[in-house]
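The values are calculated or read from the model by the stated rules, or taken from the named source; none is laboratory data. A quick note: this is a predicted structure, and the numbers were derived from the prediction, not measured. Cβ: placed from backbone, ideal geometry, glycine included. Neighbour counts: every protein chain shown.
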Amino acid sequence: MRLILLATLLLFLCAGSLPAFTGYEISDTFSITPTTLPVELSSFTATVTGQNFVQLIWVTQSEANLLGFHIYRAADEELASSILISDLISPTNSSSQSHYDYLDTEIAQSGRYYYWLESQEMDGSGTFHGPIFANVEMDADDEPELPAIPLQTRLRQIFPNPFNPSTTISYQMAAPGQVELNIYNARGQKVQGYHRQHAAPGYYHLQFEGRDLSGKILSSGVYHVVMICGKELSTEKIVLLK
């Protein structure tokens with residue numbers, strides 16, 4: 001037995017290197033394929049400025065296959081009660097460190113505000129980071145009243161997202177009028193559409209049941225919500241996951 005082991009070891013040494021055992025066969029090479037994370041976030045902070053705005057700063061160590069970032073805000077720690085407050089923020093998709101900042105200028109009164117950072121990937125999936133919070137304290141003379149009507153006409157929050165089987169589409173209108181909400185699939189085909197007439201500005205929402213114009217249940221995938229109101233156009237991406 002010793003002679004056999006010594007002979008085997010001698011053969012290995014003569015080959016110039018020891019082989020790696022894969023579990024099924026002997027090979028001369030062994031490699032591990034690393035898994036690349038879509039985003040490696042190293043920090044996400046909130047700071048109140050002298051104008052009672054909230055400045056959000058985040059740093060990524062690496063990014064890959066990112067579509068961009070979104071910022072959400074709420075008056076409590078529940079993501080379900082948050083609203084989308086930013087447009088899509090373009091990523092660098094770099095393997096080196098990247099710095100981002102966003103200034104929330106729509107704080108209307110004193111209080112604690114919670115923020116989430118959503119990183120959206122090319123495949124339609126997304127990851128939420130947070131919450132973090134900022135305490136805003138305004139003087140009585142400086143604190144404005146909450147606006148009775150929105151300042152902009154746009155889509156607000158679509159939650160849940162990803163969704164199955166339904167999701168709530170929230171939007172706001174700065175003036176009365178007719179709004180058109182259309183949903184398109186990844187090929188640009190219209191799969192659902194809604195028309196609403198609002199006699200007053202305000203905040204509105206509707207329930208999307210995940211069905212097409214004929215009532216058929218839609219398949220999993222990426223869809224686009226397009227809001228048209230006069231000259232205003234607003235879009236958001238949603239993902240149906242089953």
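Summary table below
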item: Odd one out for A75 among (1) over 19 Å from E236 (Cβ atoms); (2) at pLDDT 90 or above; result: (2)
item: Residue match in the range 71-92 (condition: among the basic types (K, R) and either in contact with a helix residue (DSSP H, G or I) (Cβ under 7 Å, 6 or more places away or on another chain) or without any contact (Cβ under 8 Å) to a residue 40 or more places away in the chain (or both)); result: no
item: Scope the range 53-65; condition surrounded by 20 or more Cβ atoms within 10 Å (Cβ to Cβ) and either in the same structural domain as T168 (by TED's automatic domain parsing) or of a type outside the set (F, W, Y) (or both); matching residues; result: V54, L56, T60, E63
item: Complete set of residues in the range 79-120 that are outside any loop (DSSP other than H, G, I, E, B) and over 17 Å from I132 (Cβ atoms); result: A80, S98, Q120
item: Qualifying position, being closer than 30 Å to G230 by Cα and modelled with pLDDT under 85, among A108, A175, A140, A186; result: A108
item: Residue list for the range 80-136, filter: of a type in the set (D, E) and touching a Lys or Arg at 6+ places or on another chain (Cβ under 7 Å); result: D104
item: Whichever residue in the range 143-153 is exposed (fewer than 15 other Cβ atoms within 10 Å of the Cβ) and under 29 Å from the mean Cα position of the chain (by Cα) and, among such residues, is modelled with the lowest pLDDT; result: L146
item: Identity of the residue in the range 26-58, of a type in the set (F, W, Y) and assigned to a loop (DSSP other than H, G, I, E, B), that ends up modelled with the highest pLDDT; result: F53
item: Residue selected from the range 117-135 under the condition modelled with pLDDT of 90 or more and surrounded by 19 or more Cβ atoms within 10 Å (Cβ to Cβ), by the criterion farthest from the chain's Cα centre (by Cα); result: A134
item: Enumerated strands (runs of 3 or more DSSP E) restricted to the range 163-242, each holding at least 3 residues that are touching a residue at least 40 places away in the same chain (Cβ under 8 Å), touching a helix residue (DSSP H, G or I) at 6+ places or on another chain (Cβ under 9 Å) and of a type in the set (G, A, S); result: none
item: Hits in the range 89-109 - residues which are loosely packed, with under 15 Cβ neighbours inside 10 Å and of a type outside the set (V, I, T); result: S90, S94, S95, S96, Q97, H99, D101, L103, E106, A108, Q109
item: Residue check, D76 among the acidic types (D, E), within 17 Å of the chain's Cα centre (by Cα) and either within 23 Å of F133 (Cα to Cα) or outside any strand (DSSP E or B) (or both); result: no
